[in-house]
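Trainee: Input: one structure, supplied below.
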Amino acid sequence: MFQARTKADTLKELIAIVSTLVDEAKFSISSEKITLRAVDPAHVAMLDVQLKKDAFEEYKADEVDLGVDVAKIDQFLRLARAGDIVDLAHDEDKRRLNVIVGNTTKRMSLIDTTGMTEPKVPNLNLPAKVSLNIEDIMQGIRASESVSDHVALVATPEYFELICEGDTDQVQLKLAKDQLVELEAKEKARSLFPLEYFSNIMKSVPSGTKLTFSLGVDYPVKIEFSIAGENGEVKYFLAPRIESGD
Amino acid sequence: MFQARTKADTLKELIAIVSTLVDEAKFSISSEKITLRAVDPAHVAMLDVQLKKDAFEEYKADEVDLGVDVAKIDQFLRLARAGDIVDLAHDEDKRRLNVIVGNTTKRMSLIDTTGMTEPKVPNLNLPAKVSLNIEDIMQGIRASESVSDHVALVATPEYFELICEGDTDQVQLKLAKDQLVELEAKEKARSLFPLEYFSNIMKSVPSGTKLTFSLGVDYPVKIEFSIAGENGEVKYFLAPRIESGD
Amino acid sequence: MFQARTKADTLKELIAIVSTLVDEAKFSISSEKITLRAVDPAHVAMLDVQLKKDAFEEYKADEVDLGVDVAKIDQFLRLARAGDIVDLAHDEDKRRLNVIVGNTTKRMSLIDTTGMTEPKVPNLNLPAKVSLNIEDIMQGIRASESVSDHVALVATPEYFELICEGDTDQVQLKLAKDQLVELEAKEKARSLFPLEYFSNIMKSVPSGTKLTFSLGVDYPVKIEFSIAGENGEVKYFLAPRIESGD
């Protein structure tokens, strides 16, 4: 049993984040929260999302796993206007998820979750921690897109830096300690990441959101932020590219 | 002789509707009104439009048929801004229609109307009648577009329904009697229509417009609405698809 | 040495104009101004632009020629928001131009200017002169785009006219003397121009700008206007097409 009601915007935020990584996903529903863990087909990035009961206006659920076509929900939710309410209901007999916006109901066949293994969240020792506002990093990411396919994230005791090196051009975003919400780095951490993954997840972050990056040296980055007014938690892990020293 | 002046928006509304069905059309001009009847090349839909003299700020006309490239007028009118006035004038010597917006004049060669037969408006017995606001149906139409190529319109004594059945998914828009402007149905009427035609004409309806659907069982739908502040009348007939019973 | 600071909008205006004609250009920097002269690859149009020191909030420069990828600067400046300040700095050691917007720095390799010859500004005797506001001509240009590939500009003692003749249709924009800022023409001047060039440069003109066209009979047009609040001057020369008398 699963029946829930929420603001369309809350669900849009969640789906926007998930759809940067996968087209189909298993939502693990419990009486207290919805959890989703997914890895992209190339195994470069992992997403671990939780949306608590309190993110919903109404929420009634037993434990159940729902295999959902994320792209289809995304498409349907685009028709919802600001302030619209969305109802979700699991139709167990017909194996469908019903999504209701206003007078319109979309009934979607659920996807078989048998083959969907739940990835394990890695336990990483990432010594550097940077907290910043999403608005302060987007310009550097957008400028990087025309320059190269990968981007370096750097944290030192004094600053955070995003560097994108192309054949002829370079983009650098530098934020000093006092331009950051928080900076903890005893020594320099630097890793290189595929720009497309990094850019896609960053673009899905709601405006006004504070993010935390945890970084090491040639190590994955862990990106954490809240959604749904602190009632949801997103953890995103992105594997590094090893730099061919130049 | 034909010379007329109107708000650009009035003409845009008319042309938007006509261009959903045909690229070229015969406008039958008289001293009292402009009439247009057109059938699409596949003979699936028919349009019967009247725009009365009162829709114009100035209007002088003898009887004349003008073959017009609707797509070209559409393109030119897009350059007009809100509040702009448009002048239309038939240049009989050069066989052209002149359209004037601001300081810019477009002179368009008329199209030979010899081959354009005037379709007869069908006389149909459609027992069910549904009146509703265009805003209340658009979400259901848009949601249907990703689900299937056809859509069923249903009227019962209690509700109006739009249903789109895909292979795995279904979209349903249901409006109860009290959500409709009017509902007259002694028994259930239901017919299936090609979604693209239905969607295109619905998207051309100006916002805030009240529509009336007349429906039968596996019968055409007649869609009626006013344009140009009640000074224009649109009738649109759409042929049904016969349902392969599932 | 070259180091300058200005509003992003000032630089965007300049780059928008230059990028209608060339992808790469030589900016000739002096202690008083930046000058650019460029001819398009087909040698149909020429641009002569000057941006004075006063267009900048800060400006320090010795004489130097910088070969710049205009398309790349254009792309980067699109990320700047209204009111943003841009810093430009020539890095002589690395042969780069550094462009800084907010916390983001783009370092661009300079292009070799050896092959870039500086075109001579032609000395033309153009008897007719028309001054008008850019807003008054754009509708005629846009309407012409679907009609033909070339456009005639006409000046007479009484009016200015833009005429575009297609196979079946014609667009005419006519501005009487009192709709123009200025009109000086002893006799009729008329020349035919490639619409794409004319349209592109006109679309790059900032809104609210007053333009001056200097015209002859089957002669180039000289288009002049100011940018950066009178601190910049643009001269654009466009070669005529010879009309095949019809």
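Computed from the coordinates by the stated procedures, all read-outs in this text should not be read as laboratory data. Treat the numbers as computed from the prediction; the structure is a model and nothing was measured. A quick note on method: Cβ atoms are made from the backbone with ideal geometry, for glycine too, and the neighbour counts reach across all protein chains shown.
Trainee: Write out the GluC sites (Glu not before Pro) in region B:159-212 meeting two conditions: DSSP loop, and at most 15 other Cβ atoms within 10 Å of their Cβ.
Mentor: Taking region B:159-212 and a limit of 15 other Cβ atoms within 10 Å, the loop GluC sites (Glu not before Pro) found are B:Glu187.
Trainee: I would also like to ask the following. Starting from a label point 7 Å past Cα on the Cβ side, list the distances from B:Glu24 to the same position in the other copies, nm, shortest first.
Mentor: 4.9, 4.9
Trainee: Along its principal axes, what span do the Cα atoms of region A:62-124 show, with the longest given first and each in whole Å?
Mentor: 43, 34, 22
Trainee: For region B:131-197 and region C:13-38, compute the distance between their C-alpha centroids and round to whole Å.
Mentor: The two parts, judged by their Cα centres, are 58 Å apart.
Trainee: Label position 7 Å from Cα toward Cβ: report the copy-to-copy distances for C:Arg5 in nm, one decimal, ordered from shortest.
Mentor: For C:Arg5, the other copies' label points sit at 5.6, 5.6 nm, shortest first.
Trainee: Another one. Treating the beta-carbon of each Lys and Arg as +1 and of each Asp and Glu as -1, no other charges, what is the dipole magnitude of region A:1-74 about its Cα centre, to the nearest 20 debye?
Mentor: Details: 10 positive and 15 negative charges, 30 e Å.
Computed about the Cα centre, the dipole is about 140 debye.
Trainee: Follow-up. For region B:12-111, build the charge dipole from Cβ charges (+1 Lys, Arg; -1 Asp, Glu) around the Cα centre, then report which of B:Gly83, B:Thr35, B:Val68 sits farthest towards its positive end.
Mentor: Comparing the listed Cα positions along the dipole, B:Gly83 ranks first.
Trainee: With the cut-off at 27 Å, tell me which of the pairs A:Lys60/A:Lys203; B:Lys53/B:Lys129; C:Lys52/C:Lys186; A:Lys177/A:Lys210; C:Lys53/C:Lys174 have Cα atoms farther apart than that.
Mentor: A:Lys60/A:Lys203; B:Lys53/B:Lys129; C:Lys52/C:Lys186; C:Lys53/C:Lys174
Trainee: Follow-up question, since we're still on this one. Over chain B, calculate the relative contact order: mean separation of alpha carbon pairs under 8 Å at least 6 apart, over the residue count, as a percent.
Mentor: Numbers: 566 pairs, mean separation 50.4, N = 246.
20 percent.
Trainee: In whole angstrom, how long is each semi-axis of the equivalent ellipsoid of the protein assembly as shown, when you take the square root of 5 times every eigenvalue of its Cα gyration tensor and sort them from largest down?
Mentor: So the equivalent ellipsoid measures 49, 49, 18 Å along its semi-axes.
Trainee: If each residue's Cβ is checked for other Cβ atoms within 10 Å, how do C:Met46, B:Met202 rank with the fewest at the top?
Mentor: Lowest to highest Cβ neighbour count: B:Met202, C:Met46.
Trainee: Using unit Cβ charges (K, R positive; D, E negative) and no other charged atoms, how large, in debye to the nearest 20, is the dipole of chain C about its Cα centre?
Mentor: Approximately 500 debye in magnitude.
Trainee: Taking Cα atoms of region A:128-238, Rg/Rh with Kirkwood Rh, to two decimals?
Mentor: My calculation puts Rg/Rh at 0.94.
Trainee: Excluding C:Val181 itself, calculate the net charge of residues whose Cβ lies under 14 Å from the Cβ of C:Val181, where each Lys or Arg counts +1 and each Asp or Glu counts -1.
Mentor: Charge balance in the 14 Å sphere: -3.
Trainee: Enumerate by residue number the GluC sites (Glu not before Pro) in region A:1-59 meeting two conditions: DSSP loop (anything except H, G, I, E, B), and at most 15 other Cβ atoms within 10 Å of the site's Cβ.
Mentor: Of the GluC sites (Glu not before Pro), the ones in loops of region A:1-59 whose Cβ has at most 15 other Cβ atoms within 10 Å are A:Glu32, A:Glu57.
Trainee: Label-to-label distances across copies for C:Ile100, with labels 7 Å out along Cα→Cβ, in nm, shortest first?
Mentor: Those label-point separations list as 5.8, 5.8 nm.
Trainee: Mind checking which of A:Tyr59, A:Val101, A:Thr20 is farthest towards the positive end of region A:2-109's charge dipole, using Cβ charges of +1 (Lys, Arg) and -1 (Asp, Glu) about the Cα centre?
Mentor: Ranked along the dipole, the leading option is A:Val101.
Trainee: Which ordering of B:Asp112, C:Asp65 is given by a fewest-first count of other beta-carbon atoms within 10 Å? Don't skip to the answer; put the middle values down first.
Mentor: Numbers: B:Asp112 11, C:Asp65 15.
Fewest-to-most Cβ neighbours within 10 Å comes out as B:Asp112, C:Asp65.
Trainee: In the P(r) worked out for region C:2-109, what percent of Cα pairs fall beyond 19 Å?
Mentor: 40
Trainee: Show that you can apply the helix-only estimate: for chain A, add -39,500 (n - 2.57) for every DSSP H stretch of four or more residues, divide by all residues, and state [θ] at 222 nm to the nearest 500.
Mentor: -4500 deg cm²/dmol
Trainee: Given +1 on the Cβ of Lys and Arg, -1 on the Cβ of Asp and Glu, and no further charges, what dipole in debye does the protein assembly as shown carry about its Cα centre, rounded to the nearest 20?
Mentor: Working: 90 positive and 126 negative charges, 143 e Å.
Charge dipole, the protein assembly as shown, about its Cα centre: 680 debye, nearest 20.
Trainee: For chain A, just the Cα set please: Rg and Dmax, both in angstrom.
Mentor: 19.2, 60
Trainee: How far, in whole Å, is the nearest Cβ of chain A from the axis relating it by rotation to chain B, and which residue carries it?
Mentor: Nearest Cβ to the rotation axis, residue and whole-Å distance: A:Ala82, 14.
Trainee: Excluding C:Val121 itself, calculate the net charge of residues whose Cβ lies under 11 Å from the Cβ of C:Val121, where each Lys or Arg counts +1 and each Asp or Glu counts -1. List each step's numbers first, then the result.
Mentor: Numbers: positive: C:Arg37, C:Lys120, C:Lys222, C:Lys235; negative: C:Asp48, C:Glu118.
In short, +2.
Trainee: Counting other Cβ atoms within 10 Å of each Cβ, which trypsin sites (Lys or Arg not before Pro) in region A:40-79 have at most 15 and sit in a DSSP loop?
Mentor: Filter output for region A:40-79: A:Arg78.
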